[in-house]
Amino acid sequence: HGRVKVKTTAQQEEEKKKEREKKLKIYVAARDACFSKRKDGVFDEEALQLTQQLLSSNPDFATLWNYRREILMHLETVKDEDEVQKIYEAELSFLESCLKVNPKSYGSWHHRGWVSARLPRPDWARELSLCDRCLSLDDRNFHCWDYRRMVVKMSGVPVKQELEFTDRLIGSNFSNYSSWHYRSTLLPLLHPESPEATSQCGDPPHSSSPPSPQTHFHRVCEEQLLKEYELVQNAFFTDPNDQSAWFYYRWLLGRAEREEMISCVYVSREGERVAVAFSRPVNAQSAGLLLVLDGQPQRVEWQSVHPHFKHSPVWICDLPPGTISDITNEHNLTVHWTEKHTHRDCALYTGRSESWCRDTATDLELFRSELSVEKTSVLQSELQSVNQLQELEPLNKWCLLTIILLMRALDPLGYEKETLAHFQTLREVDSMRSAYYSDLCSKFMIENTILKMEYAEVRVFSISDRNLTTLCHLDQLLLVTHINLSSNQLQRLPPQFAMLQCLEVVEADNNSIENLEGVHHLPKLEEVSLKNNKISTLADLEPLASCPRLKHLDLRGNPITQTGNVELELAELLPSVTDLLL
């Protein structure tokens, strides 16, 4: 760092070596004395001094902090409250000296939190002041941020005051990512979106403290959201290459967590099977699922769609034989999710072989929230501003990615062509992350295709020749009967593919598929076309053996077709297949 390296003589080196050995000898002797005292159950003030001596030079010795806490807890039992107060105040002063040695010491910050929580009369103002001083030296010291959140919670600092604190830090340094993140946890508490999702700001909640890490975050009311857009725009126009403000902007454009619910119930008369889709992955065996058929609770065994999943958005169960097989009977079915106090009904009418009840991705606003006129206008203005910035910074990846997110918030289908063009530019200007952009683009194209499919009210999912590199949202395709994934860049059909429980036809020609583990126990699957892929061994095709109705299989153009006796071996592996093309 610009310092001139001074060459040392052999004599100086020898003197330094002896000095280090002397210090090490003292350190080891003190350490061994501590270990011996702890082993003998000695919790006196001499042990407290010994641990202090060691921790002053090495504050990251976790065992010594543990021993020190044992000593302090013992002293609590033999001292009165005033004496305990003085002991702990001295401990806090000692900890400050440790933090000067290493401001990011896990042990020091953890111990300070422990001491503050046990202090008979804590001085929270002092602790906040300490946090302010530490963050002024390093505004990304996450140990200090964690400790500050604990102090704020314990002392009941108002949320509004903490939000003003982030204002000050962001105002002095737009690159303060920790402040932006902290702000994102405070805003939903001070300016929550109303339960009716109106655009009016509600009153601040009665709870004055910032959330714990386990808090379930909701969205920010629209009035405040529009102010935040202006704040963050100032930040990224000031320094377009700093990622902190862009990340916060991406959070602002995000959506609230989905409501926990049963999103679809499907019942098949022929298969006497029920499939249930949830808004998030669950463990149905422990989630308290109850199936009621015509008013009678049923004893059924819930199974995930693939053995890899203990938690899955889709679960299935088989009904007792003969329960619903008679097509002349009508049945009413209800699935209760007792853990979440919710349920969904489904009626199987006379003459129908299957039935379902579901909320579509459009109904759930899964990929795009409904926008008010005011918010639409503001987002359009934001898009125009970021486009202007992109003209000045054509190779700025954050700018390009934000334009894509704004387009998706406004009109994902209307801006599809522009989105694809921007993804192509992103892959070029940020080639190290090209795989990430390809996967993200695949996700957005799948979302668009789901929306188009729902608008058309069909059960065919066709997304060929779109350069897909990954598959996602497969839980939304539970009812799909025909899927076309041809001419993409897919390398596998992942375990989530088993969620397509109604699937009858798979077209996946001209990819690079070499793994079919997701084609698992698809009860209605009859046709599979895998021309020009990378299926090279019989083991790659074993998942198909779990599909009892599979009749047509096209493997032309795969390496496996170049091995001997493959047709005979396939006939043994897949006895149900009557039309095999190699």
Evaluate region 282-290: report whether one residue or more is modelled with pLDDT of 90 or more and surrounded by fewer than 19 Cβ atoms within 10 Å (Cβ to Cβ).
yes
Collect the residues in region 561-571 that are in contact with a helix residue (DSSP H, G or I) (Cβ under 8 Å, 6 or more places away or on another chain) and open to solvent by 30 Å² or more (accessible area, probe 1.4 Å), keeping them in residue-number order.
569
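From the list 479, 451, 516, exactly one residue is hydrophobic (A, V, I, L, M, F, W, C) and free of Cβ contacts under 8 Å to residues at least 60 places away in the same chain. Which is it?
Working: 479 fails: free of Cβ contacts under 8 Å to residues at least 60 places away in the same chain; 451 fails: free of Cβ contacts under 8 Å to residues at least 60 places away in the same chain.
Of the residues listed, the single one that is hydrophobic (A, V, I, L, M, F, W, C) and free of Cβ contacts under 8 Å to residues at least 60 places away in the same chain is 516.
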Exactly one of 486, 438 is at pLDDT 95 or above and within 21 Å of residue 528 (Cα to Cα), and that one is 486
Of (1) open to solvent by less than 70 Å² (accessible area, probe 1.4 Å); (2) not in a loop (DSSP other than H, G, I, E, B), residue 388 satisfies all except one. Which?
(1)
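Could you please find all residues in region 527-554 being acidic (Asp, Glu) and either within 18 Å of residue 484 (Cα to Cα) or surrounded by fewer than 20 Cβ atoms within 10 Å (Cβ to Cβ) (or both)? Reasoning before the result, please.
Start the filter on region 527-554 by keeping residues that are acidic (Asp, Glu), which leaves 527, 540, 542, 554.
Within region 527-554, 527, 542, 554 qualify.
Before we move on, is residue 117 closer than 17 Å to residue 65 by Cα and surrounded by fewer than 13 Cβ atoms within 10 Å (Cβ to Cβ)? I'd like the intermediate steps shown before the answer.
Values: closer than 17 Å to residue 65 by Cα: yes; surrounded by fewer than 13 Cβ atoms within 10 Å (Cβ to Cβ): yes.
Judged against the criteria, residue 117 is a match.
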Scanning region 294-336 for residues that are under 15 Å from residue 348 (Cβ atoms) and among the hydroxyl-bearing types (Ser, Thr, Tyr), the one most open to solvent (accessible area, probe 1.4 Å) turns out to be 328
So residue 351 clears everything in (1) loosely packed, with under 13 Cβ neighbours inside 10 Å; (2) among the small types (Gly, Ala, Ser); (3) under 19 Å from residue 302 (Cα atoms) except one condition, right? Which one?
(3)
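Being modelled with pLDDT of 95 or more and buried (at least 16 other Cβ atoms within 10 Å of the Cβ) is true for just one of 558, 510. Which residue is that?
Working: 558 fails: modelled with pLDDT of 95 or more.
Matching residue, one of 558, 510: 510.
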Residue selected from region 242-267 under the condition closer than 25 Å to residue 310 by Cα and in contact with a Ser or Thr (Cβ under 7 Å, 6 or more places away or on another chain), by the criterion modelled with the highest pLDDT:
267
Evaluate region 212-230: report whether one residue or more is modelled with pLDDT of 85 or more, basic (Lys, Arg) and open to solvent by less than 50 Å² (accessible area, probe 1.4 Å).
no
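Could you list, in sequence order, all residues of region 120-164 that are more than 21 Å from residue 62 (Cα to Cα) and not in a helix (DSSP H, G or I)?
120, 121, 122, 123, 138, 139, 140, 156, 157, 158
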By residue number, the members of region 166-186 that are open to solvent by 50 Å² or more (accessible area, probe 1.4 Å) and of a type in the set (Lys, Arg) are 168
Mind checking which residues of region 251-271 are more than 14 Å from residue 346 (Cα to Cα), crowded, with 16+ Cβ neighbours inside 10 Å and over 32 Å from the mean Cα position of the chain (by Cα)?
271
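Looking at region 401-442, which of the residues that are under 19 Å from residue 475 (Cα atoms) and in contact with a Ser or Thr (Cβ under 7 Å, 6 or more places away or on another chain) is most open to solvent (accessible area, probe 1.4 Å)?
Taking region 401-442 first, the residues under 19 Å from residue 475 (Cα atoms) are 439-442.
Restricting the remaining residues to those that are in contact with a Ser or Thr (Cβ under 7 Å, 6 or more places away or on another chain) gives 439, 442.
Values: 439: 66, 442: 2 Å².
Per the stated criteria, the residue is 439.
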Tally time: how many residues in region 141-158 are open to solvent by less than 60 Å² (accessible area, probe 1.4 Å) and among the aromatic types (Phe, Trp, Tyr)?
2
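The values are calculated or read from the model by the stated rules, or taken from the named source; none is laboratory data. Everything numeric here is computed off the predicted structure, so don't read it as measured data. Reconstructed Cβ throughout: ideal geometry from the backbone, glycine too, with neighbour counts over all protein chains shown. Accessible surface is based on the protein model in full, side chains and every heavy atom, while ligands, DNA and RNA are left aside. Shrake-Rupley method; radii C 1.70, N 1.55, O 1.52, S 1.80 Å.
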